[in-house]
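First the structure, in the form of structure tokens, and then the observations on it.
Just so it is clear, none of the values below were taken in a lab; they were calculated from the coordinates. Only a predicted model underlies this, so the values are computations on that prediction, with no experimental measurement involved. When we count neighbours, we look across all protein chains shown, and the Cβ atoms used for this are built from the backbone with ideal geometry, even at glycine.
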Amino acid sequence: MTAEQVVGRLESGMTLGIGGWGSRRKPMALIRALLRSDVTDLTVVSYGGPDVGLLAAAGKIRKLVAAFTTLDSIPLEPHFRAARESAAFELTELDEAMFMWGLTAAVHRLPFMPIRAGLGSDIMRVNPGLRTVVSPYEDGEELVAVPALRLDAALVHLNRADAFGNGQYLGPDPYFDDLFCEAADAAYVSCERIVGSADLLQAGAPQTLLVKRHSVTGVVETPNGAHFTSCAPDYDRDEAFQSAYAKAAADPAAWREFTERFLSGDEDTYQAAVAAFAKEGA
């Protein structure tokens, strides 16, 4: 598929899961395609990074479910911060483990998962809708009932994939892309390169075959498609570009200029502008 075909299957009001972690291996080419669409009023579920920031800046988020929203080397995503300070959308903030178990509950089509994470913390105070359950066994332990994070659609980015939807990560961390895909009614994988199925087996150990074809609806080949986030070992995070992004986010005039230069055209236009930016920096 193309990125535009993926976005063409998304609808306003959907619950959208976005893989990756902070400013690492985010499906940014798909996010940029989403920015160019009329899709809005989204509930976004993400270990948030610039995916959340860009969608917030475009006013496309109605509700965010997240454990954090960071650019990693820049602790707080600037557009997220501005949106929260202006109460632009509703936020459900979960502990990282609660978030993972919410996805896991959705994968197994369970209504919730009982866990200990969150007990004794302000997570319970800021999320008054969270409930606890008591173990039916002799221990009688009280646990948090984390609701399933069921998704209408998921977007993830991986290093390699085959045309059938098997996706492979080659970096140090799988993150939770497999859970996002399996928790969703439809999942779309963008990748640096589509290869033959046999090539996946030669590129890495079996455990690197993270995403399985049974949970994938479509595959998009998007070289440099995670930019400006990292996609190790193919490339690191573009710190110079990220810094420019964060600086522009702090000033409305600078953001309009940034948007005009980098986000006003298609993906090819974006990549050409990024190449020109890197040349200027060099």
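Could you work out [θ]222 nm for the chain from helices alone, using -39500 (n - 2.57) per DSSP H run of at least four and dividing by all its residues? Round to the nearest 500 deg cm²/dmol. Numbers along the way, then the final one.
On the way: 11 runs with 96 residues, N = 282.
That comes out to -9500 deg cm²/dmol.
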So how tilted is helix 239-249 from the main axis of the chain? Cα-based, degrees 0 to 90, rounded to 10.
80 degrees
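Could you check how many percent of all C-alpha pairs in segment 107-161 are farther apart than 12 Å? Each step should come with its number before you reach the end.
Details: 1084 of 1485 pairs.
Within segment 107-161, distances greater than 12 Å cover 73 percent of Cα pairs.
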In whole angstrom, note down how far apart the Cα centers of segment 198-244 and segment 104-145 are.
33 Å
Across segment 188-271, what fraction of all alpha-carbon pairs, as a whole percent, falls in each successive 5 Å bin from zero upward?
3, 11, 16, 20, 16, 11, 10, 7, 4, 1
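Using per-residue counts of other Cβ atoms within 10 Å, averaged over each peptide, order 57-66, 174-183, 25-34, 96-105 from highest down.
Working: 57-66: 19.2, 174-183: 24.0, 25-34: 26.9, 96-105: 21.3.
Descending packing order for the listed peptides: 25-34, 174-183, 96-105, 57-66.
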Around Asp72, which amide H atoms from residues at least 5 apart in sequence, or from another chain, sit under 5 Å from its own amide H, with H modelled in the peptide plane?
Ser23
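If you rank Ser190, Ser230, Ser135 by fewest surrounding Cβ atoms within 10 Å, what's the result? List each step's numbers first, then the result.
Values: Ser190 29, Ser230 23, Ser135 11.
Lowest count first: Ser135, Ser230, Ser190.
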